[in-house]
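Everything on this sheet refers to the single structure shown next.
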Amino acid sequence: MDLYILRHGKAGQSFNRPDDSERKLTSEGRSDIRKVARWIRSKKIRFEVIATSPLTRAYETAEIVARTLKEKGRLEVWDELSPGGNQKTLFSHAAQYNKDAAIILVGHEPALSGLIGSIITGGDTASIILTKGGMAKIRTYSFDRKPSGDLQWLLTPRQMAEMQ
């Protein structure tokens, strides 16, 4: 399985909001994610599922990707992608797709970097930073006894734009 991991785009500040989950993407964040989505489309990457955290900024990010790829029917909310979500549940949920599937997970830091580290090191820590709008690809993701896979690439939105 190819597992893609995308961090949400830039979001507004939460100064006047009591609920961080409602923060929306900024106009710059939406613009960056549209560029990322066009890059994904240009690489002809297709997803079995576009799984997102229910938080507004992640959902908006996933929705832009789904709309750009014309795959809105593949958009699903996975609660375990929320900050503090259960990593084992996330691994198990992703493992339900067939071995030839490509799925994308849209969520938040530091959980996404921790997820990447757990998969590529077998549970040990890895110092990885996924920028806002950044995306990683893990090839041959598997969850037989514990999650494993190979980090194929880790890109920032700027790097993806430069490769267009």
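The values are calculated or read from the model by the stated rules, or taken from the named source; none is laboratory data. All values reported here derive from a predicted model rather than from experimental measurement. Quick reminder, even Gly has a Cβ in these numbers, built from the backbone with ideal geometry, and neighbours come from all protein chains shown. For the accessible areas, the whole protein counts, side chains as well, though only heavy atoms, and no ligand, DNA or RNA atoms are used. Shrake-Rupley method; radii C 1.70, N 1.55, O 1.52, S 1.80 Å.
Brief remarks follow.
- Under 17 Å, Cα to Cα: Lys pairs in the chain, sequence gap 8 or more or different chains: 16
- Shape box of the stretch 80-151 [Cα atoms, principal axes, largest first, Å]: 29, 22, 20
- Over the chain, the hull volume per residue, using the convex hull of the C-alpha atoms, is 105 Å³.
- Put simply, when 110-121, 34-45 are sorted by average Cβ atoms within 10 angstrom per residue, most first, you get 110-121, 34-45.
- For ALA11, distant residues with modelled amide H under 5 Å away: THR26
- With only the Cα atoms considered, the stretch 1-89 has a convex hull volume of 93 Å³ per residue.
- Length gained when the stretch LYS44-ARG139 is fully extended (0.36 nm per residue, less Cα-Cα span): 32.6 nm
- Ordering of 56-63, 21-28, 136-143 by packing [mean C-beta count within 10 Å, highest first]: 56-63, 136-143, 21-28
- In this structure the chain gives 52 Å² per residue of accessible area when probed at 1.4 Å with all protein chains present.
- Whole-number percent relative contact order across the stretch 58-119, with pairs defined as alpha carbons under 8 Å at least 6 apart: 37
- In a fully extended conformation the segment linking LYS72 and ALA102 would gain 9.2 nm over its present Cα-Cα distance, using 0.36 nm per residue.
- The stretch 6-135, accessible surface, carbon-and-sulfur percent (1.4 angstrom probe): 45
- The chain, relative contact order [Cα under 8 Å, separation at least 6], %: 31
- In plain terms, the bigger the Kirkwood radius, the slower the diffusion; for the stretch 110-164, with that radius from Cα pairs, at 4 °C and 1.567 mPa s, Stokes-Einstein puts D at 110 µm²/s.
- The stretch 52-112, Rg to Rh (Cα coordinates; Rh as Kirkwood inverse mean 1/r): 0.96
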